[in-house]
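Take a look at the structure below.
The values are calculated or read from the model by the stated rules, or taken from the named source; none is laboratory data. Bear in mind that the values here come from a model prediction, so they are computed numbers and not experimental data. All Cβ positions, even for glycine, are placed from backbone atoms using ideal geometry, and neighbour counts span all protein chains on display. Only protein heavy atoms, including side chains, enter the accessible area calculation; ligands, DNA and RNA are left aside. Shrake-Rupley method; radii C 1.70, N 1.55, O 1.52, S 1.80 Å.
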Amino acid sequence: MEINGKTILHGIMGDPVGHSLSPTMHNAAFAELGLNSVYVPFPVQDVAGALIGFKALHVRGVSVTIPHKQAVIPLLDEIDPLALKIGAVNTLLIDDKSRIKGFNTDWLGANRALGEYLDLTGKEILLLGAGGAARAIGFGLLEAGAKVILSSRTKKPGEKLAAGLNCDWHPLADIGALTADGLVNATSVGMAPDTDFSLVAEKKLADFPVVMDIVYSPLETRLLRQAKDAGCQTINGLAMLLYQGVAQFELWTERGAPLPVMKQKLMAELTNPQK
Ligand code: NAP
């Protein structure tokens, strides 16, 4: 693409950001639609300074990643109500008046990924984990009218999230006694390099018709491999990653995102042994 005087700036702020898959995905989408926009990494330590900079430089859209998803919140001009409930913002939209509004698209990504296999309304979902991703997914599931059953390793954060979600919390040892319409692993268990782990016993998996793992490295985790063998429908971590990016793109551009090219770019990155 040609960068010129009218090019609209987007980017990702985090620390570090060098490993992010978002620049490839969003730049491919801009190119596909012929938009005069670019998306670059912003390695940021000074969050308040960065937000002042985004306003001054008329940046249009920013993805926010670790460790700044909470720190941006008090600095925003406006926040989406569900992002406030979740307590994390992964997307900034800077409008023509230089007002910054914060959103969370992680839950949108998870709901869309699950929604391809399951009408979430009234369904029970066993959610594993009580970290940042589990929080976003949990509140998103409630938004979709699903009922959450929460299970995680450490009691205190688990019970805190369960109280927020108005649901029961179970230690991981209880999983064998739980059933649900769907199972979501929102922990980092199974992620490279420790790929030989799963929180759910193989013989238990047939009790969950749909199994989603949000870990995307590797794309096929041990959990998903065993779930497939048990006859479950499986959803890998690429789906949530893709759809949260699609929601960001659509917020920034007010255009429908070119899904196939975004998916293809992410897939290429995730299956490239150099990554
Ligand atoms: P986080 O805030 O650090 O939370 C990690 C969670 O994993 C905590 O609940 C932690 O439990 C649990 N956990 C870690 N090791 C465990 C173990 N050995 N046994 C049981 N539980 C364990 O991280 P996060 O941001 O939520 O991310 C979690 C995973 O999701 C990461 O792999 C990340 O790459 C992935 N992710 C994917 C997407 C996507 O779009 N696909 C989006 C966000 C995140 P404790 O509280 O007991 O430590």
message: Could you work out what % of the accessible surface of the chain is carbon and sulfur, using a 1.4 angstrom probe and leaving DNA, RNA and ligands out of the count?
response: 53 percent
query: So, by mean Cβ neighbours within 10 angstrom, what's the order for 11-22, 98-109, 214-225 with the highest one leading?
result: 98-109, 214-225, 11-22
statement: Note to self: C-alpha centroids of region 182-218 and region 226-275 sit apart, in Å, by 17 Å
- prompt: How large is the helix-only mean residue ellipticity at 222 nm for the chain, computed as the sum of -39500 (n - 2.57) over DSSP H runs with n ≥ 4, divided by its residue count, in deg cm²/dmol to the nearest 500?
  reply: -11000 deg cm²/dmol
task: For region 203-275, state the average projected area of the convex hull of the C-alpha atoms over all orientations, rounded to one decimal in nm².
output: 5.8 nm²
- prompt: For region 10-61, how big is the tail of P(r) above 14 Å, as a whole percent of Cα pairs?
  reply: 54 percent
task: Take the Cα gyration tensor of the chain, multiply each eigenvalue by 5, square-root it, and list the three semi-axes largest first, rounded to whole angstrom.
output: 33, 21, 16
- request: Compute the acute angle (0 to 90°) between the alpha-carbon long axis of helix 259-270 and the principal axis of greatest extent of the alpha-carbon atoms of the chain; round to the nearest 10°.
  value: 70 degrees
message: Quick check on packing: order 131-144, 165-178 by the mean number of other C-beta atoms within 10 Å, highest mean leading.
response: 131-144, 165-178
query: Shape call for region 107-235 from the C-alpha gyration tensor, a ≥ b ≥ c root eigenvalues: rounded (a/c under 1.5), prolate (a/b greater than b/c) or oblate?
result: rounded
query: What fraction of the Cα pairs in region 61-109, stated in percent, has a spacing above 14 angstrom?
result: 41 percent
- line: Taking Cα atoms, the helix 237-253 axis meets the longest principal axis of the chain at an angle in degrees (rounded to 10) of 30 degrees
message: Give the separation of the Cα centroids, region 105-174 to region 1-75, in Å.
response: 29 Å
task: Given the peptides 244-252, 38-46, arrange them by the average over their residues of other C-beta atoms within 10 Å, most packed first.
output: 244-252, 38-46
- line: Averaged per residue, the 1.4 Å probe accessible area of region 107-235, protein heavy atoms only, in Å², is roughly 46 Å²
